[in-house]
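Worksheet: the structure to be examined is printed underneath.
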Amino acid sequence: MATLIATGLFVAVTSSQKKVESLSKVQSDARFLIESIAQSVRLAGLDYSYYLNLDGDPNTRDPVDLSGGLLSMSAVTTDTAQVVTKDASGQTFFSRYMRGKFGEEDRYAIGVCTRTPAQFASDPLRCAYPTLAPEDYQDVTPTNITVDAFNVWVSPGSDPNALAPSGTADCWTNINADPTQVPPVFGFDSINSNCTCTDASTDCWSGQTCDRGICLNTNQQPKVTIVISSRGGGSRQAEQATQTLQTTVSARIYKR
């Protein structure tokens, strides 16, 4: 009887230790992953030009949906979440995609894809949704974990670094203002170099305010909140620990 109790206790302690070790490993790997993304945000800054106009075509307007006052890449589905940074060399994308296998189970990873200005000119949708090509991405996720969820919130909802408008493409309405029309046409005012408005929800970019008839940016330091849920990929249940990490990081570059 004593032998059975001792054996059961030993098995229970061993199993508990394996779970703790697995959780510690998943947590360490997830921290490495989330810090890799955060470092890119700090050093390069967020690319609002992508978030506010996904395909880069000034003749179309396809921003990410505004959710709860924050520009959210994942209000509904995590498969469209991206952290996009930009510096002099081009853009860097961090995206979740299917990568490899854990036995018979699909493994999801976060990868990085770079896009130089020349690559953007020849292929505006490289690295971007909905045409994301896994072969363009380099896996930056430790091989022993799978990423179950990747959530991204960018704030503020309009580019605080934006310069004064210089043409219709810089205004949400993408047309020239004409106050002589009845009703007035709101858009780019070439005389005063601003975007005119009567309602921010219809005349301005997401996150802007309509103040005394002019679309204005929010005066805030750009920041992004990242939430990553990851899971160990071992074949045993004790090795499949789950971990959710969250961080908020501000860009160290402020161009205004």
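The values are calculated or read from the model by the stated rules, or taken from the named source; none is laboratory data. Source: prediction; values computed, not measured. In this analysis, Cβ positions are derived from the backbone assuming ideal geometry, glycine residues included, and neighbour counts consider all displayed protein chains.
Candidates in the stretch 115-144 are the residues that are over 20 Å from the mean Cα position of the chain (by Cα) and hydroxyl-bearing (S, T, Y); of these, the one that is farthest from T85 (Cα to Cα) is T143. Checking each residue in the stretch 113-133 for being free of Cβ contacts under 8 Å to residues at least 60 places away in the same chain and within 19 Å of A88 (Cα to Cα) picks out C113, T114, R115, T116, P117, A118, Q119, A121, S122, D123, R126, C127. The numbered conditions (1) among the β-branched types (V, I, T); (2) at pLDDT 70 or above; (3) under 17 Å from I37 (Cβ atoms) are all true for T116 except (3).
For the stretch 145-182, which positions are over 30 Å from Q27 (Cα atoms) and under 20 Å from the mean Cα position of the chain (by Cα)? Working first, answer last.
Within the stretch 145-182, the first condition is being over 30 Å from Q27 (Cα atoms), and the residues that meet it are 157-182.
Selection gives G157, S158, D159, P160, N161, A162.
Within the stretch 169-222, which residues are without any contact (Cβ under 8 Å) to a residue 60 or more places away in the chain and of a type in the set (S, T, Y)? Those that are without any contact (Cβ under 8 Å) to a residue 60 or more places away in the chain and of a type in the set (S, T, Y): T173, T180, S190, S193, T196, T198, S201, T202, T209.
Return yes or no: is F150 touching a Ser or Thr at 6+ places or on another chain (Cβ under 9 Å), of a type in the set (F, W, Y) and more than 30 Å from R107 (Cα to Cα)? Talk me through it step by step, then tell me what you get.
On the way: touching a Ser or Thr at 6+ places or on another chain (Cβ under 9 Å): yes; of a type in the set (F, W, Y): yes; more than 30 Å from R107 (Cα to Cα): no.
So F150 fails the test.
Taken over the stretch 117-149, residues that are of a type in the set (A, V, I, L, M, F, W, C) and touching a Phe, Trp or Tyr at 6+ places or on another chain (Cβ under 8 Å) amount to 5.
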